[in-house]
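One structure below.
The values are calculated or read from the model by the stated rules, or taken from the named source; none is laboratory data. None of these values were measured; they are calculated from a predicted model. Here the Cβ is made from the backbone with ideal geometry for all residues, glycine too, and neighbour counts use every protein chain on show. These accessible areas exclude ligands, DNA and RNA; they are computed on the full protein's heavy atoms, side chains included. Shrake-Rupley method; radii C 1.70, N 1.55, O 1.52, S 1.80 Å.
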Amino acid sequence: MGAAKTLLVVYHSVTGGARQMAEAARAGAAAEAGCAVRLLHAAQAGPQDVLAADGMVFATPENLAAMSGQLKDFFDRSYYAVLDQVNGRPYASLVCAGSDGSNAARQIERIATGWRLRSVAEPLIVCTHAQTPEAILAPKQIGAEDLERCRALGAALAAGLVLGVF
């Protein structure tokens, strides 16, 4: 087996939902021997972290039918510094949504397409159905079944990296 692979998980979360999803993906990936996992808040991640990663997971809440501003800021700070240097690397996305999350997932996909990343899974969207100001702002608790889906996605991405599938 070659050198250990690195999976970067970049997330932003205010109410905890996207963080729980990112942590579950990290836990799944960390169980794969030969894969080091770095979990970074979007405010702490930058181009050097992207360049050092063999694969990536991006996790965000759905904010006003869009990815979070913090995750967008990460992409803004990193985009041109890594352009044409990460072509073909695999990625997946996680969205904690109040309604449907598809636009947030689409925004991540457009940026990843610009970076020429390779999507290895459909966006994993967990819908909390939070629709009132109180429900939207309340701390989230992601269910065990949804966390298992996030864990499995992280495990599959890490296994693919280690086996050279991606």
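Below, the figures for the structure above:
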quantity	calculated
Carbon plus sulfur fraction of accessible area for the range 1-116, probe 1.4 Å, in percent	49
Three-way shape label, the range 29-105, alpha-carbon gyration tensor, a/c 1.5	oblate
Charge dipole of the chain about the Cα centre (unit charges at C-beta), most positive-ward option of ASN103, ALA4, ALA65	ALA4
Mean accessible surface per residue for the chain, computed with a 1.4 Å probe while every protein chain stays in place, in Å²	47
Nearest-10 value in Å² for the accessible area of ARG106, using the 1.4 Å probe	120
For the range 38-152, with +1 on Lys and Arg beta carbons and -1 on Asp and Glu, the positive-most of TYR79, TYR91, ALA130 along the dipole	TYR79
Solvent exposure ordering (accessible area, 1.4 Å, most first) of THR128, THR60	THR128, THR60
Student exercise, the range 59-166 dipole from Lys, Arg, Asp, Glu Cβ charges, in Debye to nearest 20	360
For VAL37, solvent-accessible area (1.4 Å; no DNA, RNA or ligand), Å²	40
Amide H partners (placed H, <5 Å) of SER93, local residues excluded	PHE58, LEU124
Whole-angstrom gap from the range 1-76 to the range 110-156, using each part's C-alpha centre	12
